[in-house]
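Peer 1: There's a structure below that I have some questions on.
The values are calculated or read from the model by the stated rules, or taken from the named source; none is laboratory data. Fair warning: this is a prediction, and the values are worked out from it, not measured in the lab. Here the Cβ positions follow ideal geometry from the backbone for every residue, glycine too, while neighbour counts run over all protein chains shown.
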């Protein structure tokens, strides 16, 4: 069975076989030159334009039956397809064809100019900008302009062409309110951001509908090079918040963008404690999201308040315990400024929330830390202690948005935690020392600070090859210190530990421990 002439024509246009196409068209005057098969998306002219076969396009255009603007399945014309593929020679020829509509959009509103900018086809964009029929600001159905697409996809050469054209509106936003400059900052296209900042028509603070500025979006995604450019521009407002009150610095902390946070902290204009409308600070958000590196950076930053609560009375350590972020909890326990038993407005504490959510490892480390906990305190929310809140969890039905893992954990671990807290209330020292021998607890601390080997008690003394009673007593005494004080002493922070080491009742070992240059693997000489 012979192959239909239309299929042969379609294939010839795809392959650019000019001689075969001439033969078909000249020998079969009735052939449908606009044929589209059931499993095809476009016409022969579409195929020639898609693959850049200029001579084939020229031959098809002289056929009296050719429909030069016929759309394919997406309603894109042959001219649209040539622009999409970046075939400048074909585009230039078609622009001379008076029947071609160079502005005809697809069904989604995308024009040939739009699609050329999206693809970064510089030669095609240049040709179209010179054509008076082209409106370079015509947006797709979502309000996205050609410049927006070039900025989004990172095409600096095309962006420069558009910025140089007086016809282009460089600030025209899409339906979300995001401008081309916002999307360039959001996606971290440094060269484009630099070019746009150099253009006096660009508004570098123009926000989205939810008031997110270009700097906010760059900080959200951690684009440090873009952030540096923005901070260096005196027009940029570094603390401008979005509609929730979140600042660029806060979103960088919330998303764990440590390098961006560090960069922002070097700018004297940044307020590191400015919170959201609910008074959640950047430090609080880092704790809530479990961003330990950022938490550590902020704890080391003068002026950062690590205890500031939200308007509901929730402290950073409480939210970290509630969400089970053990690494953050451990880092907070190292800091003597942190109150590990701080209650929220309804008197529920970090331990209470850890028990409620079945965060067993958090509970273990809290109780092993040597911090003081009021285990008899009841939450006014339901008049339960932390232990009671843990034990009641098997009877609490699964919440609609609760994961299977969270449900399993709190219903199985909650009662165990409740019983453990009861034991701790009766014998805090015994429970603390027992927990410190658990592999999970030991592994969390070993290597963090040298002195935490006291968790091994006299086992560490043997490691040093020292069996003296005096050395053993030293490590046992150290193990009874609150964990935060252990951390302070171990880091040789003499000033912070002065109340202990200068006390007349202090063991000689503590005075030795606080002196500089005393940590080594030789057995310590414990003397006054």
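Peer 1: I'd like to know if the range 252-273 contains one or more residues that are under 15 Å from residue 323 (Cβ atoms) and surrounded by 18 or more Cβ atoms within 10 Å (Cβ to Cβ).
Peer 2: Yes, the conditions are met somewhere in the range 252-273.
Peer 1: So which residues in the range 286-301 are surrounded by 24 or more Cβ atoms within 10 Å (Cβ to Cβ) and either part of a helix (DSSP H, G or I) or assigned by TED's automatic domain parsing to the domain that holds residue 318 (or both)?
Peer 2: The answer is 286, 287, 294, 295, 298.
Peer 1: Of all residues in the range 138-165, which are surrounded by fewer than 20 Cβ atoms within 10 Å (Cβ to Cβ) and over 16 Å from residue 196 (Cβ atoms)?
Peer 2: Within the range 138-165, 138, 141, 142, 143 qualify.
Peer 1: Follow-up question, since we're still on this one. Looking at 291, 378, can you tell me which residue is more than 16 Å from residue 413 (Cβ to Cβ) and over 28 Å from the mean Cα position of the chain (by Cα)?
Peer 2: 378
Peer 1: Identify all residues within the range 343-380 that are in a loop (DSSP other than H, G, I, E, B) and within 18 Å of residue 326 (Cβ to Cβ); write none if there are none.
Peer 2: If the condition is that a residue be in a loop (DSSP other than H, G, I, E, B) and within 18 Å of residue 326 (Cβ to Cβ), then 349, 357, 358, 359, 369, 370, 371, 373 are the ones that fit.
Peer 1: Residue 217 - would you say it is farther than 25 Å from residue 344 by Cβ and either assigned to a helix (DSSP H, G or I) or modelled with pLDDT of 95 or more (or both)?
Peer 2: Here the answer is yes, as residue 217 does meet what is asked.
Peer 1: Hey, which of the helices (runs of 4 or more DSSP H) in the range 381-450, taking only ones fully inside, have at least 2 residues that are in the same structural domain as residue 370 (by TED's automatic domain parsing), at pLDDT 95 or above and at negative phi?
Peer 2: Correct list: 386-391, 404-426.
Peer 1: Hey, any hits in the range 319-326 for a residue that's part of a helix (DSSP H, G or I) and within 19 Å of residue 217 (Cβ to Cβ)?
Peer 2: No, because not a single residue in the range 319-326 is part of a helix (DSSP H, G or I) and within 19 Å of residue 217 (Cβ to Cβ).
Peer 1: Name the residues in the range 302-318 that are outside any loop (DSSP other than H, G, I, E, B) and more than 21 Å from residue 258 (Cβ to Cβ), would you?
Peer 2: Listed by number, the list holds a single entry, 318.
Peer 1: Restricting to the range 336-369, and then to whatever is closer than 19 Å to residue 436 by Cα and within 27 Å of the chain's Cα centre (by Cα), can you tell me which residue is surrounded by the fewest Cβ atoms within 10 Å (Cβ to Cβ)?
Peer 2: The residue in question is 361.
Peer 1: Something else: Could you tell me whether residue 74 is assigned by TED's automatic domain parsing to the domain that holds residue 97 and modelled with pLDDT under 95?
Peer 2: yes
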